[in-house]
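Only one structure is covered here, and it is reproduced in the block below.
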Amino acid sequence: MTPPARNTGMPTTDDQRPTTDFVIREAAAGELDLILHHRRSMFRDMGEGTTEELDRMIAAARPMFAKAIENGSYHHWLAIDERGSVAGGGGVLLCPWPANPREACTQRAVILNVYTELEFRRRGVARQVMKTILEWVNAHGLASVNLHASDEGRSLYESMGFKPTNEMRLRFGRQSGDRAIG
């Protein structure tokens, strides 16, 4: 059973809704549907993908996340309010990555699926989830962490110390789900 969260009622956000202290706990393997709901909702709210594309994305992502949760390469945390409702969540994927001159670490941590349910926005949920993720990554000895920022999340990430990098991307013309020739 999740312990009750406390709401001090003291601090407020810029839209004057009270900031609530949510209980942050790691998601269980049996909560994969909730994790995938966060992923789908995140892309939907950013205006990325049609319903069919989002369905295809979730179908393709389901076995990958199930395996990653099972083998410990993906961890997801949930923010729970005082009624036991899930307010949001976010996770980190640990990927093999070659060391470089500045980081001898052979893993890369990538933050994924940070999402806050609409009725809980502007109450500090994403910040509390991100703080938990960053503490976990740091405690596990990783030298850095990456993420892709939505327009809405960018100011939060910058306020937590994230900086733009030199990463670039090239998209091929094939349909999503098509495999590269190789």
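Just so you know, all these numbers are worked out from the coordinates, no wet-lab data involved. All values derive from a computational prediction rather than experimental measurement. Here the Cβ positions follow ideal geometry from the backbone for every residue, glycine too, while neighbour counts run over all protein chains shown.
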TODO: Work out the charge dipole of the range 81-124 with +1 on the Cβ of Lys and Arg and -1 on the Cβ of Asp and Glu about the Cα centre, then indicate which of Gly84, Val114, Pro98 is farthest towards its positive end.
DONE: Pro98
Open item on the list: Based on C-alpha coordinates, I'd like the Rg and Dmax of the range 83-131, in Å.
Closed with: 15.1, 48
- [ ] With N set to the residue count of the range 23-159, report its C-alpha Rg divided by 2.2 N^0.38 Å to two decimal places.
- [x] 1.05
TODO: Find how many whole Å separate the alpha carbon centroid of the range 117-150 from the alpha carbon centroid of the range 26-101.
DONE: 13 Å
